[in-house]
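The values are calculated or read from the model by the stated rules, or taken from the named source; none is laboratory data. What you see is a predicted model; the values in this text were computed from it and never measured. Don't worry about glycine lacking a Cβ; one is built from the backbone with ideal geometry, like all the others, and counts go over all protein chains shown. We work out accessible area using only protein heavy atoms, side chains counted, and drop any ligands, DNA or RNA first. Shrake-Rupley method; radii C 1.70, N 1.55, O 1.52, S 1.80 Å.
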Amino acid sequence: MKYLKVNLEETADAEVLKNTLLQLKGVASVEIVDDENPESELKKAFAKTKEQLKKGDYETLVNDIFEIIIKK
């Protein structure tokens, strides 16, 4: 898997760029990472999963994973 890092100007609309890139052939996914807010969506998801496992909330964890699989 290859990754592309792009630095955007403050005026750039990251969501528009993300949607445009997703329409290109060969682009599997796009994640917006904000260096000023380094907690990416992936980090948030891992933190949530960790808490669910600690609490024994397996049903919600499985439902979350199932929802992710269906979205793609």
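Among what's in the range 19-45 and is assigned to a helix (DSSP H, G or I) and at pLDDT below 80, pick the residue that is nearest to residue 67 (Cα to Cα).
The selected residue is 45.
When the residues of the range 49-72 are filtered to those that are at pLDDT 85 or above and among the basic types (Lys, Arg), which remaining residue is nearest to the chain's Cα centre (by Cα)?
In this case the residue turns out to be 50.
May I ask you to list the residues in the range 1-18 that are within 26 Å of residue 66 (Cβ to Cβ), modelled with pLDDT of 85 or more and either part of a loop (DSSP other than H, G, I, E, B) or open to solvent by 80 Å² or more (accessible area, probe 1.4 Å) (or both)?
15
Restricting attention to the range 54-72, which residues are more than 18 Å from residue 28 (Cβ to Cβ) and open to solvent by 100 Å² or more (accessible area, probe 1.4 Å)?
54, 55, 58, 59, 66, 67
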